[in-house]
């Protein structure tokens, strides 16, 4: 260990111990209680210290070390500096499994939380690794797949919590990474897991050394690369699941710890595997000390995991230049171009209007399906029609934003969800909700639109300013999404009525949409669609590249800014209704291109119509799947979008 590393670790340890001591409850008269403890002989203050504050201090160190080791293993075996249990979706998979077991099958928890969390993390790991294997474990593919699995798991977990009512809101706080302890058993168990995993990591140290060279060279030296990947990912999964089962979701410590270790001089796998757990332990301990001190001064007791999540976005942005250079993803096959696309566009318009009419007239009653008569229709139409029109308009807005972003970046994986626009819109929505006593629908829409536009500006400043390669843009968008998710988790952890409103909105619902809101969404869609049609020439030229566009007289900077503004406004308006996760903005433009709508104006128009149809289908499923109760609209949209994105990533060549 270098002198600089020793000094940094010493200062961090001293600071964390100072915060921990200052945040301790009132000391008992006899001083700190020492083991073995006799609860009957201890006073209340001593019990709080012995069974609460002291194990909390140790669990922060042990959990941080476990996450640091997990992140180091993943980064070494995948040769990916931005891999960790958070970015690869392992922690979110464990979180979803625990919430699903709590809500649907509580008897499973009789065997303990550990097997349930491990099963969820293992499923998430299998999905991500399966997608990665199809693309030769491309770093960008791995992170996007992890983002997809993680966001989908988090959305489904939020929907399950929401469906059970506010009495389960404590699940949101716990899964946010609460380090509160009531005994020493979790500390001992997690320490045993960390020790065993550390010993296993030492056994595969030499193969990890060989992995430092290119994969073909490692195979030539006789290394079974596939087996090594499985073993290392299995160890990382066990560590991440163990932490999730003990304290909930603690984000990005596994990403930060190896980065800090490298910054302090660790270079070889052995050094990284030693330094990363130390850095992770001290990082989580410092964060927990800050949380405890904030609570002592009268602030909210936020879960520590929500606070650590705040480092994820900036850290990902900082690590982007360190990602090994890779060529842009290959262009997808160009589909045939329709000679008369107007006929198909009219057919899509008729299909969307027909779907809107049928869904307004057909309903489900206790006796089964029925065509509503005039009296029943007059009763239900004022509530049903605004919901249907709002859902269709939201789908069209997301699809419009997706089509614009794909043409702006020449990247078929670009969408409001993947590029962080929806995450920025979510932060804008939450800011307006918490800053005003009685926020209006227009104010919430404006806040979401401003947040989405700001996220795109950050994306342009960080990613586009350095390197216009598509994978850099995608990763920068993921970083913005990670920061937004952390901010929302922190706000929800406050446990107030507005926190529950954010949770409800994250799942997406059109049940409360009135005629004014639906009319506003439709008006925004028409205006932005007209603006997009006016930019048809620019949208046709921009995918050819900035140099070509400038040569043809297109003002690239001003044009890009306008497209960013339109996409941000569309995303902000739509996410107020459906939440930040739907993937309609990704699916609809792809479907439009696949059916032959290749020209810019045809592509945008077809995307809008297909997006409206997809969201109408999602709204129908949300209303009918658990009749007579409504399920979240955003959840059903993501259920449609997730398989599509997985298929898209698997089928595209590396």
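Values in this text are rule-based calculations from the coordinates and carry no lab data. All values reported here derive from a predicted model rather than from experimental measurement. All Cβ positions, even for glycine, are placed from backbone atoms using ideal geometry, and neighbour counts span all protein chains on display.
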Honestly segment 56-108 on the Cα gyration tensor test (a ≥ b ≥ c root eigenvalues; a/c under 1.5 rounded, otherwise a/b vs b/c for prolate or oblate) is just oblate
Projected label distance in nm at residue 22 and residue 340, using a 7 Å step from Cα toward the beta-carbon = 7.7
Going by C-beta contacts inside 10 Å, put 178, 540, 481, 342 in order with the fewest on the left.
-> 342, 540, 178, 481
Taking the simple approach of a point 7 Å from Cα along Cα-to-Cβ for both residue 318 and residue 34, what is their distance in nm?
-> 4.1
With no solvent term and unit scatterers on the alpha-carbon positions of segment 3-322, Debye gives log₁₀ I(q)/I(0) at q = 0.08, 0.10 Å⁻¹ of -0.36, -0.56
Taking other Cβ within 10 Å of each residue's Cβ, how do 53, 275, 590 sort, fewest first?
-> 53, 590, 275
Taking 0.36 nm per residue of separation and subtracting the Cα-Cα distance, what length does fully extending residue 234 through residue 349 add?
-> 36.5 nm
Where does each of 111, 620 land when they are ranked from fewest to most other beta-carbon atoms within 10 angstrom?
-> 111, 620
Full-extension gain in nm, residue 44 to residue 3, via 0.36 nm per residue minus C-alpha separation | 10.4 nm
Please give the peptides 8-21, 548-561, 94-107 ranked by average Cβ packing (other Cβ atoms within 10 Å per residue), highest first, as a rough proxy for protection.
-> 94-107, 8-21, 548-561
Round to the nearest 0.05 the FRET efficiency obtained for residue 558 and residue 385 when R0 = 41 Å and r is the Cβ-Cβ distance.
-> 0.55
